[in-house]
1. Tell me, which residue of segment 1-26 that is in a loop (DSSP other than H, G, I, E, B), in contact with a helix residue (DSSP H, G or I) (Cβ under 7 Å, 6 or more places away or on another chain) and at pLDDT below 55 is most open to solvent (accessible area, probe 1.4 Å)?
2. Which one is farthest from the chain's Cα centre (by Cα) among residues in segment 121-141 that are open to solvent by 20 Å² or more (accessible area, probe 1.4 Å) and of a type in the set (A, V, I, L, M, F, W, C)?
3. Which residue pairs have Cβ atoms under 6 Å apart, sit 6 or more places apart or on different chains, and have a first residue in segment 153-170 that is assigned to a loop (DSSP other than H, G, I, E, B) and a second that is open to solvent by 20 Å² or more (accessible area, probe 1.4 Å) and among the β-branched types (V, I, T)?
4. Looking at this structure, is G94 over 17 Å from H113 (Cα atoms) and either open to solvent by 10 Å² or more (accessible area, probe 1.4 Å) or not aromatic (F, W, Y) (or both)?
5. Which ones in segment 38-59 are acidic (D, E) and free of Cβ contacts under 8 Å to residues at least 12 places away in the same chain?
6. Looking only at residues in segment 81-115 that are out of contact with any His (no Cβ under 9 Å at 6 or more places or on another chain) and assigned to a strand (DSSP E or B), which one is farthest from V13 (Cα to Cα)?
7. Of the numbered conditions (1) within 17 Å of G79 (Cβ to Cβ); (2) open to solvent by 50 Å² or more (accessible area, probe 1.4 Å); (3) modelled with pLDDT under 95, T157 satisfies every one except a single condition; which is it?
8. Hey, can you tell me all the residues within segment 25-63 that are of a type in the set (K, R) and touching a Leu at 6+ places or on another chain (Cβ under 8 Å)?
Amino acid sequence: MTTAPLTSPVDGVTIGPARVADGADLWRIARGSGELDLNSPYSYLLWCRDFADTTAVARDTSGRPVGFVTGYLRPDAPGTLFVWQVAVEGSHRGTGVAGTLLDALSDRVAAEHGLRRIEATVTPGNLASDRLFRSYARRHRADLTQEVLFPAAAFPTAGHESEVLYRIGPLGSPEA
């Protein structure tokens, strides 16, 4: 079950579930982020088909995607949403779109599936993601813990930073 788009506190932006037709735009936004490990265009199409209920897309006034957050419910951890990627188009960065996306997605997942915790991995150099998840934890009155999930040596090529697991929870009601 997916919900109707929500109006965002960010002017002119609406937030709603992913549609298959969004896949190419999600790939474009991810490629332009400069921070994300870019997946194949095909994977974004599949993500929009198979994980639409755990993905949120921000759209401008013309309906064009300008940001997204992808995630999935962890099979071995009921009530845990793993956030896979968050990206916002350059023209909308710094306007609150990423936080609004994360809040809208977690609200939808909580209503449809139940939600106790959010997890995500962040590389030490990704300060924007660090701020995003710390801010989310504060808004939701939740603890945030960190530990290395995948050390740099686990990756097949040199140069990839360690992936630090951020665990946020248990989740409470967001601040008013």
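1. M1
2. Taking the candidates together, the pick is L127.
3. From segment 153-170, the pairs are E161/T123; S162/V148.
4. yes
5. Across segment 38-59, the qualifying residue is only D50.
6. Among them, the one singled out is F82.
7. Failed condition: (1).
8. R31
The values are calculated or read from the model by the stated rules, or taken from the named source; none is laboratory data. Small disclaimer: the values here were computed from a predicted structure and weren't measured. Cβ sites come from the backbone with ideal geometry, for glycine too, and all protein chains shown count toward neighbours. Areas reflect the complete protein model, heavy atoms only, side chains present, ligands, DNA and RNA absent. Shrake-Rupley method; radii C 1.70, N 1.55, O 1.52, S 1.80 Å.
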